[in-house]
Amino acid sequence: MTSIPEFMTAKHRECDEFFIAAENAVADNNWSLAKQAFSQFSQELELHFQAEETILFPEFEQATGITQGPTQVMRGEHQQMRALVADLLQALSADDKDGYIGASETLMVLMQQHNMKEEMMLYPMTQQRVPAPEALLASVVEHCQSPVSD
Ligand SMILES: [Fe+2]
Ligand SMILES: [Fe+2]
């Protein structure tokens, strides 16, 4: 069985691939492909954020007693990234190439920094500290396979 860090890191890479595909399609003025890739990206990303906010972070907080630390920072960054996703959607619907590329660069930097913090610190610590990492992983996996809810 894979570990929490392995599974979550693989999800970051999956999101990156859709995101890069969307950016490349915009650069090529292929708006229909861009919209398709972006919709895959935003769905995967939202599922991933929800798995962290509703399952993984609460378990981390309970296991470590740290509720005002890294998980709060990560939640705040999720909100910043959601705002950028909304900007990108708007640029896509207007076929606004410059607007898209600008917001896309900003999101890329933010997302890479965010993912690195989770991969280097938060995920390994979660794996080490929660009482039942296998059960936690199973619920995260299950969540990531379900359709996006609001
Ligand atoms: Fe996150
Ligand atoms: Fe993450």
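Taking a ≥ b ≥ c as the square roots of the Cα gyration tensor eigenvalues, region 55-138 comes out prolate, since a/c reaches at least 1.5 and a/b is larger than b/c. Rounded to the nearest 20 debye, the dipole size of the chain about its Cα centre is 240 debye, using +1 on the Cβ of Lys and Arg and -1 on the Cβ of Asp and Glu.
Counting only protein heavy atoms, what percent of the accessible surface of region 67-150 is carbon or sulfur at a 1.4 Å probe? Answer for region 67-150 is 57 percent, counting heavy atoms of protein chains only.
Dividing the convex hull volume of the alpha-carbon atoms in region 2-150 by its residue count gives 99 Å³ per residue.
Using alpha carbons only, how many angstrom separate the centre of region 90-150 from the centre of region 1-43? Rounded to whole Å, the Cα centres lie 11 Å apart. Over the chain, what relative contact order in percent results from Cα pairs under 8 Å that are six or more residues apart? This gives 37 percent for the chain. The 3J(HN,Hα) values that the Karplus relation (6.51, -1.76, 1.60; θ = phi - 60°) gives for region 94-110 are, in residue order, 9, 6, 9, 5, 5, x, 5, 4, x, 5, 5, 4, 4, 5, 4, 5, 4 Hz. Gly and Pro appear as x.
The values are calculated or read from the model by the stated rules, or taken from the named source; none is laboratory data. Being a predicted model, the structure only gives us computed values, none of them experimental. With ideal geometry, Cβ positions are generated from the backbone for all residues, glycine too; neighbour counts draw on all protein chains shown. Calculation scope for accessible area: heavy atoms of the full protein, side chains included, ligands and nucleic acids excluded. Shrake-Rupley method; radii C 1.70, N 1.55, O 1.52, S 1.80 Å.
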